[in-house]
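S.K.: Let me give you the structure first, and then I'll get to my questions.
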Amino acid sequence: IFLGTRFQSLLSKLGVPSEVLEFLSKWTDAGEGYPKIPEAKGAISAIRSEAFFIPLYELYLTYGGIFRLTFGPKSFVIVSDPSIAKHILRDNSKSYSKGILAEILEFVMGTGLIPADGEVWRIRRRTIVPALHQKYVAAMISLFGEATNRLCRKLDAAAYDGEDVEMESLFSRLTLDIIGKALFNYDFDSLTYDTGIVEAVYTVLREAEDRSVAPIPVWEIPIWKDISPRQKKVNAALKLINGTLDDLIAVCKPATKKQLVRGAFMYSLTASDLIEMAPHKFVALKFLSDSLYLLMVSQRMVDEEELQFHEEYMNESDPSILHFLLASGDDVTSKQLRDDLMTMLIAGHETTAAVLTWTFYLLSKEPSVMAKLQNEVDSVLGDRFPTIEHMKKLKYTTRVINESLRLYPQPPVLIRRSTGDDILGKYPIKRGEDIFISVWNLHRSPKHWEDSDKFNPERWPLDGPNPNETNQNFSYLPFGGGPRKCVGDMFASFEAVVAVAMLVRRFNFQIALGAPPVRMTTGATIHTTEGLKMTVTRRPQPPVVPNLEMPVLKVDSSVSISEVEQV
Ligand code: HEM
């Protein structure tokens, strides 16, 4: 294979077209004489099954850390070996793209950060990563607390009325409210209302998930798009969300100083002269009203910004990522910005919701872990809103999340496509191979974990480092690894810690009597098949729930919840 690859690269330098090289590569069959990837036989049902990553685990135990699944003309390489995962994700990441994932998500994420490859990805990643800087994440903690407090009030009412609650959908709403505010300062308020925009977000999400597991891409059939009621609904939902995002971007855009000055300048020139000068009064009036609007918005933002604009472009009344990107002079089209926001909306919403769902499921099965967790939260947090300082002290809570992410990784598989020939372990592969890295298998492998199926937060010592892909040598990769690692890892970890801590200090959670069994199904993340129905009871001495709305993003760590209520 090396000879073949070198020969091809020589031919390529000599200007031989890529089509000819591809033909030659197939003809010479560079992999001949090398071992072939073991082929899992009779395994079509694995991909067809509801939660397809589960039968992949059985196949892993039979065929090992790398095997091939073939059905019809399609084949997939399934990787469950940490060193091969490291090679693909980190060491030779340049030779892999997002492949099928990018194709499936294109309709909703366009060239957003998750599906993007090549230069677009490189530029956008370099711009977006600084937006999630530490100071931003620290500011977000009060947002997490405020949103979780709204959920607490909802649960308090349910506990009082003796009603069971479906936690999976509540977690989904909690994380939607958080990510909307965090990304573009928009309050979905989905914990309170079922608005059109909330329904649209769910329609698009479900569609993205269904497409990711559909055997045939019916949505690509041209007429289907126009006649299928479902596709029509999806298109309408997309239009609504895109329109809302465009409006948010448009309103936030004049916030950049250059534009503010330009806006004001435009106004001062036109206000005095334009009506007289303009041949068409309507056009003049439209221009004038636009300019006035721009000036009003600009002036409001100038006032705020004069006071609050600082080095990191953090605006305390709007610390959103959108504001940061625009204020930091991100020179990008509105379409690209919208794609990135949409990508982060999806990436940062269902993932954290799924982590919370499975954490509470696991806690309901292990009362001793729950008791230890509640002890820590009571002593560290007491009756206070969490702050960044508490994050460092809520060590066991963090371990509970680490362990929940091991047992239920979100997403359970990572998808790649080889963009050149390569060698995986001892097996050569060609360009264009579709690869699934099974994080589920890595995280549950009996080779790497003692009692691998057991929920045991104690496996991570409290005084040890926070487990990640680097210190676990790619046996544990809850946020991926290499250059495409999650940009929201710290954000999401703190979000989950705050939500878990605030909920368990106030309530006990049990699977409701007569609730349907909790089974898994897949979309982009692991869902339950029929929800997570729980009975919520107040703890014997619950902290008081405030009746007043908390001030947005301004929660003082020294103030307790009961003090806030007195205010
Ligand atoms: C990528 C997991 C929350 C934004 C990833 C990847 C994983 C992951 C495994 C790597 C995907 C791959 O290699 O194919 C999670 C989990 C989360 C979470 C488990 C919650 C517990 C978030 C949040 C945001 C976010 C809150 C945004 C604020 C992204 C983006 C990427 C990504 C933009 C793509 C990065 C790139 O390709 O350069 N996430 N994520 N994620 N995540 Fe997260």
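So that you can scan it fast, the table gives a plain yes or no per residue for (1) in contact with a Phe, Trp or Tyr (Cβ under 8 Å, 6 or more places away or on another chain); (2) among the acidic types (Asp, Glu); (3) within 12 Å of the ligand (Cβ to nearest atom):
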site	(1), (2), (3)
LYS426	yes, no, no
SER493	no, no, yes
VAL498	yes, no, no
VAL504	no, no, no
GLY523	no, no, no
MET534	yes, no, no
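S.K.: A follow-up question, please. Residues being outside any helix (DSSP H, G or I) and either within 16 Å of the ligand (Cβ to nearest atom) or charged (D, E, K, R) (or both): count how many of those fall in region 141-182.
M.R.: Qualifying residue count, region 141-182: 3.
S.K.: Okay, next question. Among the residues of region 432-462 satisfying the criterion of being over 19 Å from TYR96 (Cβ atoms) and assigned to a helix (DSSP H, G or I), which is farthest from the ligand (Cβ to nearest atom)?
M.R.: Filtering first and then ranking leaves GLU458.
S.K.: Does THR70 meet the test of being out of contact with any His (no Cβ under 9 Å at 6 or more places or on another chain), of a type in the set (S, T, N, Q) and more than 28 Å from THR387 (Cα to Cα)?
M.R.: yes
S.K.: Filter region 135-162 down to the residues that are free of Cβ contacts under 8 Å to residues at least 40 places away in the same chain and either surrounded by 15 or more Cβ atoms within 10 Å (Cβ to Cβ) or touching a helix residue (DSSP H, G or I) at 6+ places or on another chain (Cβ under 8 Å) (or both) and list them by number.
M.R.: Residue satisfying the conditions is LYS154 alone.
S.K.: Residues to consider are GLU458, GLU433, GLU450; find the one that is within 15 Å of PHE76 (Cβ to Cβ), of a type in the set (D, E, K, R), modelled with pLDDT of 95 or more and surrounded by fewer than 21 Cβ atoms within 10 Å (Cβ to Cβ).
M.R.: Of GLU458, GLU433, GLU450, the one residue that is within 15 Å of PHE76 (Cβ to Cβ), of a type in the set (D, E, K, R), modelled with pLDDT of 95 or more and surrounded by fewer than 21 Cβ atoms within 10 Å (Cβ to Cβ) is GLU433.
S.K.: Would you point out the residue of region 96-129, among those that are without any contact (Cβ under 8 Å) to a residue 40 or more places away in the chain and over 20 Å from the mean Cα position of the chain (by Cα), that is surrounded by the most Cβ atoms within 10 Å (Cβ to Cβ)?
M.R.: GLY118
S.K.: Continuing with the same structure: Inside region 183-195, can you point out the residues that are in contact (Cβ under 8 Å) with a residue 12 or more places away in the chain and either assigned to a loop (DSSP other than H, G, I, E, B) or over 22 Å from the mean Cα position of the chain (by Cα) (or both)?
M.R.: If the condition is that a residue be in contact (Cβ under 8 Å) with a residue 12 or more places away in the chain and either assigned to a loop (DSSP other than H, G, I, E, B) or over 22 Å from the mean Cα position of the chain (by Cα) (or both), then ASN185, TYR186, PHE188, ASP189, SER190, LEU191, THR192 are the ones that fit.
S.K.: Can you say whether SER93 is within 11 Å of the ligand (Cβ to nearest atom), touching a residue at least 60 places away in the same chain (Cβ under 8 Å) and on the phi < 0 side of the Ramachandran plot, as far as the supplied structure shows?
M.R.: When the stated conditions are applied, SER93 passes them.
S.K.: Can you find a residue in region 324-333 that is over 23 Å from PRO465 (Cα atoms), within 14 Å of the ligand (Cβ to nearest atom) and out of contact with any strand residue (DSSP E or B) (no Cβ under 8 Å at 6 or more places or on another chain)?
M.R.: yes
S.K.: Another question, if that's okay. Within region 112-125, restricting attention to residues that are closer than 14 Å to GLN336 by Cα and assigned to a helix (DSSP H, G or I), which residue is farthest from the ligand (Cβ to nearest atom)?
M.R.: GLU119
S.K.: How many residues does region 217-231 contain that are surrounded by fewer than 14 Cβ atoms within 10 Å (Cβ to Cβ) and outside any helix (DSSP H, G or I)?
M.R.: 2
Matching residues to (1) more than 25 Å from HIS390 (Cα to Cα); (2) out of contact with any strand residue (DSSP E or B) (no Cβ under 9 Å at 6 or more places or on another chain); (3) not basic (Lys, Arg):
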{"site": "ARG417", "(1), (2), (3)": "yes, no, no"}
{"site": "PHE436", "(1), (2), (3)": "yes, no, yes"}
{"site": "GLN472", "(1), (2), (3)": "yes, yes, yes"}
{"site": "SER475", "(1), (2), (3)": "yes, yes, yes"}
{"site": "GLY482", "(1), (2), (3)": "yes, yes, yes"}
{"site": "PHE491", "(1), (2), (3)": "no, yes, yes"}
{"site": "VAL504", "(1), (2), (3)": "no, yes, yes"}
{"site": "PHE507", "(1), (2), (3)": "no, no, yes"}
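S.K.: Here is a check on your reading of the model: is ASP318 crowded, with 19+ Cβ neighbours inside 10 Å and within 14 Å of the ligand (Cβ to nearest atom)?
M.R.: no
S.K.: Which of the numbered conditions does LEU132 fail, given that it passes all the others? Conditions: (1) crowded, with 16+ Cβ neighbours inside 10 Å; (2) within 30 Å of ARG338 (Cα to Cα); (3) free of Cβ contacts under 8 Å to residues at least 40 places away in the same chain.
M.R.: The failed condition is (3).
S.K.: Search region 506-518 for residues being crowded, with 20+ Cβ neighbours inside 10 Å and among the hydrophobic types (A, V, I, L, M, F, W, C), and hand back the single one that is nearest to the ligand (Cβ to nearest atom).
M.R.: Applying the filter and picking the extreme gives PHE509.
S.K.: Can you tell me which residues in region 59-90 are within 11 Å of the ligand (Cβ to nearest atom) and either surrounded by fewer than 21 Cβ atoms within 10 Å (Cβ to Cβ) or without any contact (Cβ under 8 Å) to a residue 24 or more places away in the chain (or both)?
M.R.: Once the filter is applied, which keeps residues that are within 11 Å of the ligand (Cβ to nearest atom) and either surrounded by fewer than 21 Cβ atoms within 10 Å (Cβ to Cβ) or without any contact (Cβ under 8 Å) to a residue 24 or more places away in the chain (or both), region 59-90 yields only ARG90.
S.K.: Going by the structure shown, is THR359 closer than 23 Å to ILE526 by Cβ and within 12 Å of the ligand (Cβ to nearest atom)?
M.R.: Taking the combined requirement at face value, the residue satisfies it.
S.K.: Another one. With LYS258, LYS225 as the choices, which residue is modelled with pLDDT under 75 and either more than 14 Å from PHE107 (Cβ to Cβ) or not basic (Lys, Arg) (or both)?
M.R.: Just a single option satisfies the conditions, and that option is LYS258.
S.K.: Continuing with the same structure: Just wondering, is there one or more residues in region 466-482 that are within 18 Å of the chain's Cα centre (by Cα), in a helix (DSSP H, G or I), in contact (Cβ under 8 Å) with a residue 12 or more places away in the chain and within 13 Å of the ligand (Cβ to nearest atom)?
M.R.: yes
S.K.: Taking ASN473 as meeting all but one of (1) at positive phi; (2) surrounded by 18 or more Cβ atoms within 10 Å (Cβ to Cβ), write down the number of the exception.
M.R.: Tallying (1) at positive phi; (2) surrounded by 18 or more Cβ atoms within 10 Å (Cβ to Cβ), ASN473 fails exactly one: (2).
The values are calculated or read from the model by the stated rules, or taken from the named source; none is laboratory data. In this text the structure is predicted, and so the values were computed from the model without any measurement. Positions of Cβ are backbone-derived with ideal geometry, glycine not excepted, and every protein chain shown enters the neighbour counts.
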